[in-house]
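Here the structure comes first, spelled out in structure tokens, and everything after it is commentary.
A short reminder: the numbers here are calculations on the coordinates, not readings from a lab. Note that this is a predicted model, so its numbers are computed, not measured. Here the Cβ is made from the backbone with ideal geometry for all residues, glycine too, and neighbour counts use every protein chain on show.
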Amino acid sequence: MRRSNPAPTSLAGRAGDAGLALWYALVVVFLFAPIATSIVYSFNLGTLGKQTALFTGWTLGWYGAAFDNLTLRHAVETSLVVSLYSAIIAVFVGSALGFAMVRHPRAAVRAALTGMTYILLIVPETVMGVSLLLFYAVTEIRLGMATLVAGITPLAISVTALIVRAGVLTLDRKLEDAAADLGAGRLQTFRFVVLPHLAPAIAAAALMAYVFSFDNLVVSTFLTTPLVNTLPVYLYGSLQYGPSPAIYAAASAIFAFTLAIVAVAGLLYRLAVRR
């Protein structure tokens with residue numbers, strides 16, 4: 001039997017595909033052009049230690065200057081520590097939340113947990129930061145490392161919960177039933193069947209929680225102090241007084257660091273989905 005040839009693509013269809021591709025390219029350029037500019041100008045020689053609109057020459061010296069800046073290094077160390085604490089809390093709380101969003105026996109509880117998780121995502125960070133600052137002022141809680149961790153962790157918990165929830169949805173319950181038929185208890189089933197299956201999703205969620213906490217600016221702006229200052233807040237404050245190229249160098253290094261973590265998280269998440 002002769003196969004009928006597929007209908008040729010119409011001119012309108014080809015024009016639509018070309019227009020969509022052009023629009024996508026414009027969006028990508030709009031999103032990444034500022035980042036590319038920042039990276040390029042981190043190598044700018046500048047004038048008198050200040051950034052200039054004109055590119056005056058290439059140099060790697062600003063990366064060394066960023067490393068020698070003690071205030072900048074302290075901000076980086078604070079961000080690393082705060083993000084680590086936030087990610088650890090998010091892994092335990094968010095993983096349990098993500099599991100309960102799928103496996104809790106009551107549908108009303110599952111719906112309530114899901115709604116609470118999405119509320120943490122959609123509430124504007126400005127509202128969260130103002131509310132936390134007002135709460136700490138009313139309760140006379142002194143701002144510090146602990147209050148900063150408490151302020152940026154809810155968003156990390158919601159991100160972790162959604163990633164782990166996706167992993168739980170891919171879990172085949174027949175494997176758990178088979179483990180039960182072989183005499184495994186609930187704890188053994190969770191340890192030897194459920195947890196290994198969810199391990200890549202939990203690892204990816206931990207990395208994403210770390211990135212979200214490290215890059216948090218809005219909430220951190222309200223909760224930082226002169227002694228506890230994060231890198232995003234430091235970079236934002238430096239831009240108001242004529243930034244040196246070292247600021248661009250630090251931002252470029254952090255971008256590369258964040259990109260590497262997100263790439264690892266993506267690979268782990270794909271592994272979890274395939275399993």
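Worth pointing out:
- Test: residue 96 is under 24 Å from the mean Cα position of the chain (by Cα), assigned to a helix (DSSP H, G or I) and within 17 Å of residue 168 (Cβ to Cβ): yes
A quick yes/no check of all residues on (1) more than 25 Å from residue 75 (Cα to Cα); (2) surrounded by 12 or more Cβ atoms within 10 Å (Cβ to Cβ):
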position: 106; (1), (2): yes, no
position: 118; (1), (2): yes, yes
position: 123; (1), (2): yes, yes
position: 129; (1), (2): no, yes
position: 132; (1), (2): no, yes
position: 137; (1), (2): no, no
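- Those residues of region 246-270 which are farther than 19 Å from residue 212 by Cβ and either touching a Cys at 6+ places or on another chain (Cβ under 6 Å) or aromatic (Phe, Trp, Tyr) (or both), in sequence order: 248
- Matching residues in region 189-230 - criterion: being of a type in the set (S, T, N, Q) and over 13 Å from the mean Cα position of the chain (by Cα): 189, 220, 221, 224, 225, 229, 230
- Near pairs, Cβ below 7 angstrom, 6+ apart or cross-chain, from region 94-115 (basic (Lys, Arg)) to any residue that is part of a helix (DSSP H, G or I): 103/168; 110/101
- Unmet criterion (only one of (1) out of contact with any helix residue (DSSP H, G or I) (no Cβ under 8 Å at 6 or more places or on another chain); (2) assigned to a helix (DSSP H, G or I); (3) within 24 Å of residue 225 (Cβ to Cβ)) for residue 149: (1)
- Failed item, numbered, when residue 190 is tested on (1) closer than 23 Å to residue 155 by Cβ; (2) surrounded by fewer than 19 Cβ atoms within 10 Å (Cβ to Cβ); (3) among the hydrophobic types (A, V, I, L, M, F, W, C): (1)
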